[in-house]
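The values are calculated or read from the model by the stated rules, or taken from the named source; none is laboratory data. This is a predicted model, so every value here is computed, not measured. Here the Cβ positions follow ideal geometry from the backbone for every residue, glycine too, while neighbour counts run over all protein chains shown. What goes into the accessible areas is simple: the full protein's heavy atoms, side chains included, and nothing from ligands, DNA or RNA. Shrake-Rupley method; radii C 1.70, N 1.55, O 1.52, S 1.80 Å.
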Amino acid sequence: YGVGKGDRVAIASANGYEYLVTFWAAVSLGAVVVALNGWWTQPEMHHGIGLTEPKVLLGDERRLERIGAVDGLPTLRFEDSFKELITHDLAAALPDTPIDEDDPFLVLFTSGTTGRPKGATLTHRNNLHWAQSVMLHGAARIAVGDAKPSGAARTVMISAAPMFHVGGLNIQTTPALQLGA
């Protein structure tokens with residue numbers, strides 16, 4: 001789909017493996033992930049798409065049916081296309097895309113309580129700062145005796161927060177993946 005640095009890739013899906021792989025694939029290309037709220041109505045979804053002008057939309061059947069057709073926007077349904085996407089070129093190397101700390105990496109949306117939802121753009125620097133602060137907070141707690149190292153690596157993280165939300169994607173999922181959880 002020709003996705004490259006700065007292009008927006010919209011995701012409308014429930015939490016799942018496909019969401020995470022799509023998220024990291026887009027970020028590794030230097031693209032900006034647009035995390036559409038999976039609970040939105042069709043007009044709200046179209047508003048988010050209109051604000052961000054994604055190059056491609058990926059999602060699960062339930063949300064894509066709610067969105068309906070969007071003129072000129074390639075749309076891929078995880079249930080039909082995901083296996084083909086991840087097996088397209090198994091020998092492909094990761095892209096060597098220069099990514100600056102201040103390049104945008106994610107658009108999350110406000111709740112819209114004072115009007116229509118607004119897109120809040122986060123940069124790679126925002127994300128790195130958050131992940132480092134999580135690690136440093138844990139190290140500080142261990143250093144002062146408030147916590148003890150577990151001795152075993154955590155291999156699973158369970159979260160009920162939706163990935164289209166800052167709590168689910170940027171605060172829990174992204175640092176967990178960066179830390180190998």
Study note, to complete from the structure: Going through segment 67-100 in order, the residues found to be charged (D, E, K, R) and in contact with a Gly (Cβ under 9 Å, 6 or more places away or on another chain) are ARG77
Check your understanding: Only one of (1) under 15 Å from THR75 (Cβ atoms); (2) of a type in the set (A, V, I, L, M); (3) surrounded by fewer than 18 Cβ atoms within 10 Å (Cβ to Cβ) fails for VAL21. Which number is that?
Key -> (1)
Check your understanding: Among GLY38, GLY115, which is more than 16 Å from VAL9 (Cβ to Cβ) and either among the small types (Gly, Ala, Ser) or open to solvent by less than 90 Å² (accessible area, probe 1.4 Å) (or both)?
Key -> GLY115
Review point. HIS47 passes all but one of (1) open to solvent by less than 30 Å² (accessible area, probe 1.4 Å); (2) in contact with a Pro (Cβ under 8 Å, 6 or more places away or on another chain); (3) within 18 Å of LYS118 (Cα to Cα); which number fails?
Key: (1)
Check your understanding: What number of residues within segment 74-119 are without any contact (Cβ under 8 Å) to a residue 60 or more places away in the chain, part of a loop (DSSP other than H, G, I, E, B) and among the polar types (S, T, N, Q)?
Key -> 5
Point to revise | Subset of segment 85-112 that is of a type in the set (S, T, N, Q) and closer than 14 Å to ALA35 by Cβ - its residue that is most open to solvent (accessible area, probe 1.4 Å) | key: SER111
Check your understanding: Has segment 145-154 got any residue that is at pLDDT below 90 and surrounded by 15 or more Cβ atoms within 10 Å (Cβ to Cβ)?
Key -> no
